[in-house]
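Note sheet for the following structure.
The values are calculated or read from the model by the stated rules, or taken from the named source; none is laboratory data. Predicted, not measured: the structure shown is a model, and the values here were computed from it. With ideal geometry, Cβ positions are generated from the backbone for all residues, glycine too; neighbour counts draw on all protein chains shown. What goes into the accessible areas is simple: the full protein's heavy atoms, side chains included, and nothing from ligands, DNA or RNA. Shrake-Rupley method; radii C 1.70, N 1.55, O 1.52, S 1.80 Å.
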Amino acid sequence: MFQSSDTQRGRSPVASRAESPVSVIGAGVAGAWQALLFAKAGHAVTLHERSDKTMTQSTSYWAGGMLAPWCEAETSEPLISRLGIRSLKLWREHFPQTPFNGSLVVAHPRDRADFERFARLTTGHKRLDAGALNELEPSLEGRFREGLFYADEGHVEPRRVLPELHARFAAAGGTLKFNNDPAEDDLDGVVIDCRGIFARDRQASLRGVKGEIILIETDEIKLSRPVRLIHPRWPLYVIPRGGNRFMLGATSIEAEDNGVSVRSALELLGAAYAVHPAFAEARIVEFGSGLRPAFPDNLPRIAIDKHKIAVNGLYRHGFLLAPALAELTLGYVQRGVIDNEVMQCA
Ligand SMILES: Cc1cc2nc3c(=O)[nH]c(=O)nc-3n(C[C@H](O)[C@H](O)[C@H](O)COP(=O)(O)OP(=O)(O)OC[C@H]3O[C@@H](n4cnc5c(N)ncnc54)[C@H](O)[C@@H]3O)c2cc1C
């Protein structure tokens, strides 16, 4: 169990319920990891999901799936790195096939100052010259004079890993109910609310931060890892997917509507073109957007009120943080361990 200096043991209202059944609401990445770790720890867990198994209504469906605690330190609090680095261990342990082959940050000469700033604000990278960059990603030969390589970072494909999380949960003895919006009476034992942006009825300070993406397809370019392009407005990236597909992401807009604007599409496609002009010939497969659930400080919270626990505010780090948050919740329920940086007790 993960314990930091901000972690302490205490008696909790649910600490005596180490054998309690558990009801998790929401099968996005937050709820799926909660359900999996509780089921593996021997609890009888039911995971309730309102939508069908395609999960297209969840934010998780739209995510990039980057597991990048060092890159994210550019714009995030140290808490994100702490939980993120712990999560990487859990991804490795539970999903050993997860690619941990690093991520790359590149910039064009005009964005050189921002590139240096990114390098200064982050750790865990080494600088690559053009030759080393080409060795790592041959398709990028001649495109950039240098790059930053974050060797220990990983990435998952959300649309593949979510069903896999659900299957692992079922294999661990859990019960997964799709098309199920449970009433209070249907919920048994400890209740863990992981409804993401849909939990605003209980967590009024939650807001949605829109992220737009475009999926493209080409066999002209091969990439093995996410490539971030330094950009004056947003951290734009290209992530390789199976089947010669690439995800271009992502904007970050304080808005809660759906869809992709012309301006965002131009910027995302422009970023791909800037990474490699051959992307101009790629086929556009899909446009889409998701709402990142965020509290005002953009930090995650585990809010505890007797046997009800709400895990939310994963913002732009859901895949990065979900395993560590699940481990913390489990530690609280089983042993009353409280992490003061993340947990709020009513
Ligand atoms: C474009 C984009 C790119 C991103 N890239 C990354 C990235 O690279 N790395 C990273 O770590 N994070 C990334 N994120 C952030 C990540 O996607 C979110 O933090 C994460 O998906 C939030 O997960 P969640 O489980 O809290 O919410 P959700 O995935 O939205 O899951 C909540 C679930 O609860 C269900 N639900 C709601 N109400 C009920 C109910 N009453 N009963 C039953 N079920 C209910 C919903 O149907 C939904 O499936 C990205 C986000 C976006 C939008």
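Are any residues in the stretch 315-339 buried (at least 24 other Cβ atoms within 10 Å of the Cβ), under 18 Å from residue 98 (Cβ atoms) and of a type outside the set (Gly, Ala, Ser), and if so, which ones?
317, 319, 320, 321, 323, 325
Please find, within the stretch 47-61, the residue that is nearest to residue 310 (Cα to Cα) out of those that are near the ligand (Cβ under 6 Å from one of its atoms) and surrounded by fewer than 24 Cβ atoms within 10 Å (Cβ to Cβ). Break it down stepwise before answering.
As a first pass, look at the stretch 47-61 and keep what is near the ligand (Cβ under 6 Å from one of its atoms): 48-51, 55, 57-60.
Retained after the next criterion (residues that are surrounded by fewer than 24 Cβ atoms within 10 Å (Cβ to Cβ)): 50-51, 55, 57.
Working: 50: 17, 51: 19, 55: 20, 57: 19 Å.
Applying the filter and picking the extreme gives 50.
Which numbered condition trips up residue 107, out of (1) open to solvent by less than 30 Å² (accessible area, probe 1.4 Å); (2) at pLDDT 95 or above; (3) within 26 Å of residue 136 (Cα to Cα); (4) not acidic (Asp, Glu)?
(2)
Looking only at the stretch 218-234, which residues are touching a helix residue (DSSP H, G or I) at 6+ places or on another chain (Cβ under 9 Å), farther than 20 Å from residue 100 by Cβ and not hydroxyl-bearing (Ser, Thr, Tyr)?
Of everything in the stretch 218-234, those that are touching a helix residue (DSSP H, G or I) at 6+ places or on another chain (Cβ under 9 Å), farther than 20 Å from residue 100 by Cβ and not hydroxyl-bearing (Ser, Thr, Tyr) turn out to be 220, 221, 229, 230, 231, 232, 233, 234.
Specify the residue that is most open to solvent (accessible area, probe 1.4 Å); the eligible residues are those in the stretch 219-249 that are over 21 Å from residue 263 (Cβ atoms) and in a strand (DSSP E or B).
Here the answer is 245.
Quick one: in the stretch 305-314, which of the residues that are open to solvent by 10 Å² or more (accessible area, probe 1.4 Å) and among the aliphatic types (A, V, I, L, M) is farthest from the ligand (Cβ to nearest atom)?
The extreme case among them is 310.
Residues to consider are 159, 127, 168, 143; find the one that is over 27 Å from the mean Cα position of the chain (by Cα) and of a type in the set (Lys, Arg). I'd like the intermediate steps shown before the answer.
Values: 159 fails: over 27 Å from the mean Cα position of the chain (by Cα); 127 fails: over 27 Å from the mean Cα position of the chain (by Cα); 168 fails: over 27 Å from the mean Cα position of the chain (by Cα).
Every option except 143 fails the conditions.
Scan 44, 18, 68, 35 and give me the residue that is more than 21 Å from residue 208 (Cα to Cα) and near the ligand (Cβ under 9 Å from one of its atoms). It would help to see each step written out before you state the result.
On the way: 44 fails: near the ligand (Cβ under 9 Å from one of its atoms); 18 fails: near the ligand (Cβ under 9 Å from one of its atoms); 35 fails: near the ligand (Cβ under 9 Å from one of its atoms).
None of the others qualify; the one that does is 68.
From (1) touching a strand residue (DSSP E or B) at 6+ places or on another chain (Cβ under 9 Å); (2) buried (at least 24 other Cβ atoms within 10 Å of the Cβ), pick out the condition that doesn't hold for residue 302.
Evaluating residue 302 over (1) touching a strand residue (DSSP E or B) at 6+ places or on another chain (Cβ under 9 Å); (2) buried (at least 24 other Cβ atoms within 10 Å of the Cβ) leaves (2) as the failure.
Of all the residues that make up the stretch 201-218, how many are of a type outside the set (A, V, I, L, M, F, W, C), in a strand (DSSP E or B) and closer than 28 Å to residue 26 by Cα?
Within the stretch 201-218, residues that are of a type outside the set (A, V, I, L, M, F, W, C), in a strand (DSSP E or B) and closer than 28 Å to residue 26 by Cα number 5.
Please state which one of 198, 115 is within 24 Å of the chain's Cα centre (by Cα), away from the ligand (no atom under 11 Å from the Cβ) and assigned to a helix (DSSP H, G or I).
On the way: 198 fails: away from the ligand (no atom under 11 Å from the Cβ).
None of the others qualify; the one that does is 115.
Return the residues of the stretch 291-346 that are farther than 20 Å from residue 62 by Cβ and among the basic types (Lys, Arg); say none if nothing qualifies.
Listed by number, the residues that qualify are 301, 306, 308, 335.
Name every residue in the stretch 281-296 that is among the polar types (S, T, N, Q) and either touching a Cys at 6+ places or on another chain (Cβ under 9 Å) or outside any strand (DSSP E or B) (or both), in order of residue number.
Residues of the stretch 281-296 among the polar types (S, T, N, Q): 289.
Those that are among the polar types (S, T, N, Q) and either touching a Cys at 6+ places or on another chain (Cβ under 9 Å) or outside any strand (DSSP E or B) (or both): none in the stretch 281-296.
Among 289, 252, which is open to solvent by 10 Å² or more (accessible area, probe 1.4 Å), modelled with pLDDT under 95, closer than 20 Å to residue 66 by Cα and in contact with a Gly (Cβ under 9 Å, 6 or more places away or on another chain)?
It is 252.
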